[in-house]
Amino acid sequence: QMELVESGGGLVQPGGSLTLSCAASGSDFRLYHMAWYRQTPGKQRELAARIANYGSITYADSVKGRFIISRDNRNDMVYLQMNGLKPEDTAVYYCNAEKFGGNYWGSGTLVTVSA
């Protein structure tokens, strides 16, 4: 079992930066692939960034070069540093933990990019 709690969302102006945090509690955090997804009303949840348990990183094309995902296996944390934010980045951002036999979600944190 894994519990995920996101924080760090808020209102930011276009071009600004924000860092999201996800605190995980449960066993074997280091075995999980961790990811950030985002969702806007009326659209499907989409992957923003993923970091595998062995460290391989994947970004959606829409965030590549602007977002940085990282993990801290000692403190069971995963982060999403978001730079050069655009209005189209406005969404609820969800933390996800996945491994064989388990897939867990946080409740989300809202990021609003607006002038």
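Here are the numbers:
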quantity	calculated
Separation of the D61 and R45 label points, Cα + 7 Å toward Cβ, nm	2.4 nm
Proximal lysines relative to K86, as straight alpha-carbon distance under 18 Å, when same-chain residues fewer than 8 apart are discounted	K43, K64
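Each reported figure results from applying straightforward, stated rules to the coordinates on display, with no laboratory input. All values derive from a computational prediction rather than experimental measurement. Backbone-built Cβ (ideal geometry, glycine too); neighbour counts: all protein chains shown.
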